[in-house]
Amino acid sequence: MAFHEDLGAAYEAFRNGWLSRSPREAPGQARGRPAQFMWLEISSGGGWYLLSKDQEILENLSFLLPIFLPHSDAVASECLILGHGFNESDFVKLFPWAYCLCRELRIPVLIFPCAFHINRRPGSWVRLGRTYHHRRKQIPGNRRSSPFNAVVSQRISEAPERFLRGALQSYQDLRDLLRLIREGSLEARGPRGPVRPLAHGATPHFLGYSISGYLFLGALLMDVDGWLEESRLVLFNSFTAWDEANPVSVLVIDREAYERGTSFYLEGYRKEGSPGFRSLYEDTPEGNRFRQLFLKNGGERPLSHDVSGLRDRLLVIADPHDPIFPGRAIGGHLGEGTAMVFMSLGRHEFPFNLPRQEMGFVRLARAMRESWAPSPTYEEAFSRWVSLVTRFLGSQAGLDGSPLAHSPG
């Protein structure tokens, strides 16, 4: 697959619409481009799950969700919901994923921001990160603190229950989005006015990268509304048990916060959790599913038991040497028989842009800003990835009619 010559111009048009909160076309953006961008205004229905202090963060309660649409007047019967990683702060890296998958699949692609991620976090967190980093690097034995992860690390360290509460808000918001999709009432606004791009009863598919894979698989397993019986899910560099993962990274979370959160969810919540938390965690279907998804022995039965019913609708793409979610450990959590494809990729947080070598904060920030296109080093891997996702989501037998070959899990 050749990359589009206008990828840079397309990103500028996308970015302008996101930053201005009013959709507009850049000069030259028209029918010649293989995807157009629109925006869905969301008001969160899950804010009541949050701690009272967090309910005051308005950016998390009202936000824009981007939709990539193929240039077609046809109303689509399918769409793809694309997720992100933990501590994701920008749409930039996800842009080429959504853009190219929209082009290849020829269906709408939506980027779903989870609670307190991307455009659901205050802009002030950027400045606050420097202050918190100065404090957190003074904690004895704390590794991998940085301005990029200091805010999320501090929030988890202060109140680890935020992780579950944010997950529950995200799940409620996802269900509300799915309702709009299934009812055919999802209305996006673009430069030429509102559009309803999806037919009544449209089937949503999912691409869960890193932490968002847990949310999407949980939604498929519960499917309390019966809307996802035909949905498929690609898990990308996602899904070891959280207590077996290693998310300690300058771009994810620091050592003290990870250990604090892990110990809290394994046992500490019994003494430290706020009133009502234990009930959410132990006595609700969502809390029970959360434990099964995230912890090695957290559920009433192994996760692999329930995943077995989704085998034909589940594909895992992973790097066997990924330091955060090692590919070969993913199969142990999901169980044997899960279709897996192993690929050699770059850094977990930027798999098509950055190598795993450490770099300074200034250089890292610059590289992150430039991740709107895959780097030349990973263009071939990105092309293969897009092809794999397209073939799996486009048809069980592959778009060309041939079976999709998977590496053994």
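The values are calculated or read from the model by the stated rules, or taken from the named source; none is laboratory data. It should be emphasised that the depicted structure is a prediction, and the values quoted were computed from it without experimental measurement. Quick reminder, even Gly has a Cβ in these numbers, built from the backbone with ideal geometry, and neighbours come from all protein chains shown.
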For residues that are farther than 21 Å from Gly394 by Cα and touching a residue at least 40 places away in the same chain (Cβ under 8 Å), scanning just the range 304-322, find the one that is surrounded by the most Cβ atoms within 10 Å (Cβ to Cβ). Asp322
So, His134, is that one at pLDDT 95 or above, more than 26 Å from Gly276 (Cα to Cα) and buried (at least 23 other Cβ atoms within 10 Å of the Cβ) or not? no
Can you go through Arg175, Arg165, Arg196, Arg192 and tell me which one is touching a Ser or Thr at 6+ places or on another chain (Cβ under 9 Å) and charged (D, E, K, R)? Arg196
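This table checks each residue for (1) within 30 Å of Met359 (Cα to Cα); (2) free of Cβ contacts under 8 Å to residues at least 40 places away in the same chain; (3) of a type outside the set (Asp, Glu).
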site	(1), (2), (3)
Arg143	yes, no, yes
Arg155	yes, yes, yes
Glu161	no, no, no
Leu178	no, no, yes
Going through the range 246-291 in order, the residues found to be in contact with a strand residue (DSSP E or B) (Cβ under 8 Å, 6 or more places away or on another chain) and either among the charged types (D, E, K, R) or over 26 Å from Pro320 (Cα atoms) (or both) are Asp254, Arg255
What tally of residues in the range 350-371 results from selecting those that are farther than 30 Å from Glu230 by Cα, touching a Gly at 6+ places or on another chain (Cβ under 7 Å) and of a type in the set (A, V, I, L, M, F, W, C)? 1
As an exercise: evaluate Arg192 against (1) charged (D, E, K, R); (2) modelled with pLDDT under 95; (3) touching a strand residue (DSSP E or B) at 6+ places or on another chain (Cβ under 9 Å) and give the number of the one condition it does not meet. (3)
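Let's see how each residue does on (1) farther than 19 Å from Val234 by Cα; (2) of a type outside the set (A, V, I, L, M, F, W, C):
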| position | (1), (2) |
| --- | --- |
| Ile324 | no, no |
| Met340 | no, no |
| Arg356 | yes, yes |
| Trp372 | yes, no |
Near pairs, Cβ below 7 angstrom, 6+ apart or cross-chain, from the range 115-136 (closer than 17 Å to Glu158 by Cα) to any residue that is crowded, with 22+ Cβ neighbours inside 10 Å and not aliphatic (A, V, I, L, M): Phe116/Asn60; Phe116/Gly166; Gly129/Phe148; His133/Ser145; Arg136/Ser145; Arg136/Ser153; Arg136/Asp254
May I ask you to list the residues in the range 72-86 that are assigned to a loop (DSSP other than H, G, I, E, B) and either surrounded by fewer than 20 Cβ atoms within 10 Å (Cβ to Cβ) or modelled with pLDDT under 95 (or both)? Ser72, Asp73, Ala74, Val75
Helices (runs of 4 or more DSSP H) wholly in the range 261-378 with at least 1 residues that are at pLDDT 90 or above and out of contact with any Ser or Thr (no Cβ under 7 Å at 6 or more places or on another chain) - which ones? 269-272, 277-282, 285-294, 303-307, 361-369
Over 20 Å from the mean Cα position of the chain (by Cα), farther than 30 Å from Arg391 by Cβ, at pLDDT 95 or above and surrounded by 22 or more Cβ atoms within 10 Å (Cβ to Cβ): does that describe Ser153? no
Given the conditions (1) touching a His at 6+ places or on another chain (Cβ under 6 Å); (2) in a helix (DSSP H, G or I), and given that Asp243 satisfies all but one, which numbered condition is not satisfied? (1)
Filter pass, Gly261 being more than 28 Å from Lys93 (Cα to Cα) and either touching a residue at least 12 places away in the same chain (Cβ under 8 Å) or surrounded by fewer than 19 Cβ atoms within 10 Å (Cβ to Cβ) (or both): no
Name the residue, out of Leu40, Leu69, Leu51, Leu64, that is at pLDDT 95 or above and surrounded by 14 or more Cβ atoms within 10 Å (Cβ to Cβ). Leu51
Meets criteria (aromatic (Phe, Trp, Tyr), surrounded by 22 or more Cβ atoms within 10 Å (Cβ to Cβ), out of contact with any Ser or Thr (no Cβ under 9 Å at 6 or more places or on another chain) and closer than 23 Å to Glu349 by Cβ) for Phe206: no
For Gly226, which of the numbered conditions (1) under 19 Å from Gly166 (Cβ atoms); (2) modelled with pLDDT under 95; (3) not charged (D, E, K, R) fails to hold? (1)
For the subset of the range 110-124 comprising residues that are outside any loop (DSSP other than H, G, I, E, B) and out of contact with any helix residue (DSSP H, G or I) (no Cβ under 8 Å at 6 or more places or on another chain), which member is farthest from Ala35 (Cα to Cα)? Ser124
Quick one: which of Phe352, Phe382 is surrounded by 20 or more Cβ atoms within 10 Å (Cβ to Cβ) and over 30 Å from Arg127 (Cα atoms)? Phe382
